[in-house]
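Written below as structure tokens is the structure these notes are about.
The values are calculated or read from the model by the stated rules, or taken from the named source; none is laboratory data. Given the structure is predicted, the values throughout are model-derived calculations rather than measurements. Cβ coordinates were reconstructed from backbone atoms using ideal geometry, including for glycine residues, and neighbour counts include every protein chain displayed.
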Amino acid sequence: MVIVFLVLALAVFGGLHWYLWRRLVRDTTARPGLARRVGTVVVVVGPVLMFAGVASERAGAPFWLQQVLTWPGFLWMALSIYLLLALLVGEVVRPLLRRILERRAATDAATVGVREVAPVPAGAPALEAESSPEAEPSSEAQSSPEAQPEDTEKPVPAATGPSRRLFVSRVVGGAAAAAAVGTVGYGTYGVLRGPKVKRVTVPLAKLPRAAHGYRIAVVSDIHLGPVLGRGFAQKVVDTINSTQPDLIAVVGDLVDGSVKDLGPAAAPLAQLKARHGSFFVTGNHEYFSGAEEWVSHVRELGLRPLENARTELADFDLAGVNDIAGEDEGQGPDFAKALGDRDRARACVLLAHQPVQIHDAVDHGVDLQLSGHSHGGQLWPGNFLAGLANPTVAGLERYGDTQLYVSRGAGAWGPPTRVGAPSDITVVELASRQA
């Protein structure tokens, strides 16, 4: 079944790229030539680099090779999505544009025909009979070029330039390419400039008056790797510190790679500053990257990992559970261990990477769960797919007596691009109903 699925997936993927090639390359070039060859190379090399980038990251290839492959490969991933969407819109525009051009051509042809048939002025003398000797032109006059009537119809030269179909293909293809490049370019700029701060107030019934206004800086899905490196990590750290939080919560998917390759990139995390410290829980990508090594490394950087554990702060309990992906390694979430013996009269904030863990949080009387994972969909219309897999894609929602806040994340996985789901670092301000 796996082989059948892979074959079908490759067939669909190949078919989509054939469609891109046909509309952007074949239909926009009048004949085989340099332009067609260059376009064909781009459409073939792009997906090859994309697969190579993903494979090199998963296989743990030399880090320099990952960097060489992932940048162009992942950007092609995003570009191909928006080229496809733009061309599908173009399929609606294409017949309308052809119809407009056909009507204009018909109107122009009718106008030319009216101009060629000149009307005879009223009262003009009739021509003498052709049999009149005086009316017969001499043979010399017939043969003289100057004697030919000026209004003799001349052959109309054939139309030059691209045909109507070629013109339409170039207009639609050019517009689709411009829209896709602009969308991906702006979305990539949005990621590379760093996340913006979002502020949310969450009232908790059990929170004492003394903790009213307590600020937790929530950051998820930084995804340090061959694309986003140390410079990006420094931007995230500087942004978090600028909010002057009481506590920092890093809720998973910090990295895409090993400690060996990404240890220097993660070094700025040692600069995180909060009155009550920084805490960390694993995400699914940590289990692709050596979770145990990363848990040890973030501890060395000054963060406190909460591996199915809880700490009792002055005014509320802070707990954390491992990600679901850890189950394959015997390190999955254990809510009973983290929350089973706690005093339910106290407010409890839970750090759990995936929003789907909310149902266990409700069963264990958690007041607020902080999560990430969904990226808010990252690339529109991916938010609709993310909504199928997550109870909440982004923002704050209530499930019974438990509230769930899902961050869109600070970084990006795959393409360093976001469309319709800007990155964020969220300052969650707890509010006491007693205040």
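Yes/no matrix, rows are residues, columns are (1) of a type in the set (Val, Ile, Thr); (2) within 27 Å of the chain's Cα centre (by Cα); (3) surrounded by 11 or more Cβ atoms within 10 Å (Cβ to Cβ); (4) not in a helix (DSSP H, G or I):
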residue	(1), (2), (3), (4)
5	no, yes, no, no
21	no, yes, yes, no
28	yes, yes, yes, yes
31	no, no, no, yes
**Q.** Contacts under 6 angstrom Cβ, first residue in segment 352-371 being touching a residue at least 60 places away in the same chain (Cβ under 8 Å), partner outside any helix (DSSP H, G or I) and polar (S, T, N, Q), 6 or more apart
**A.** 352/369; 352/371; 368/403
Q.
Of all residues being in contact with an Asp or Glu (Cβ under 9 Å, 6 or more places away or on another chain) and surrounded by 16 or more Cβ atoms within 10 Å (Cβ to Cβ) in segment 289-306, which is nearest to residue 375 (Cα to Cα)? Just the residue, please.
A. 289
Q: Check 299, 304, 310 and return the single one that is under 17 Å from residue 255 (Cα atoms), part of a strand (DSSP E or B), in contact with a strand residue (DSSP E or B) (Cβ under 7 Å, 6 or more places away or on another chain) and assigned by TED's automatic domain parsing to the domain that holds residue 338.
A: 304
Q) When you go through 143, 220, 163, 132 one by one, which is the residue that is over 22 Å from residue 422 (Cα atoms) and either at pLDDT 50 or above or within 25 Å of the chain's Cα centre (by Cα) (or both)? A) 163
Q | Among the residues listed as 53, 60, the single one being on the phi > 0 side of the Ramachandran plot and not charged (D, E, K, R) | A | 60
Q: Give the residue that is surrounded by the fewest Cβ atoms within 10 Å (Cβ to Cβ), with candidates limited to residues of segment 397-435 that are more than 20 Å from residue 274 (Cβ to Cβ) and among the hydrophobic types (A, V, I, L, M, F, W, C).
A: 435
Q: From the list 266, 309, pick out the single residue that is surrounded by fewer than 20 Cβ atoms within 10 Å (Cβ to Cβ) and at pLDDT 95 or above.
A: 309
Q) If we only count strands (runs of 3 or more DSSP E) wholly inside segment 173-257, which ones have 3 or more residues that are of a type in the set (Lys, Arg) and under 26 Å from residue 352 (Cα atoms)? A) 196-204
(Q) Every residue in segment 313-333 that is among the acidic types (Asp, Glu) and part of a helix (DSSP H, G or I), please. (A) 327, 328, 329
Q.
Can you tell me which residue is modelled with the lowest pLDDT among those in segment 53-92 that are within 18 Å of residue 289 (Cα to Cα), among the small types (Gly, Ala, Ser) and surrounded by 14 or more Cβ atoms within 10 Å (Cβ to Cβ)?
A. 60
Q) Are any of the residues in segment 266-289 basic (Lys, Arg) and out of contact with any helix residue (DSSP H, G or I) (no Cβ under 9 Å at 6 or more places or on another chain)? A) yes
Q: Go through 201, 188 for me and flag whichever is closer than 30 Å to residue 94 by Cβ, among the β-branched types (Val, Ile, Thr) and in contact (Cβ under 8 Å) with a residue 60 or more places away in the chain.
A: 188
Q) Within segment 41-61, is even one residue within 21 Å of residue 163 (Cβ to Cβ), in contact with a helix residue (DSSP H, G or I) (Cβ under 7 Å, 6 or more places away or on another chain) and not acidic (Asp, Glu)? A) no
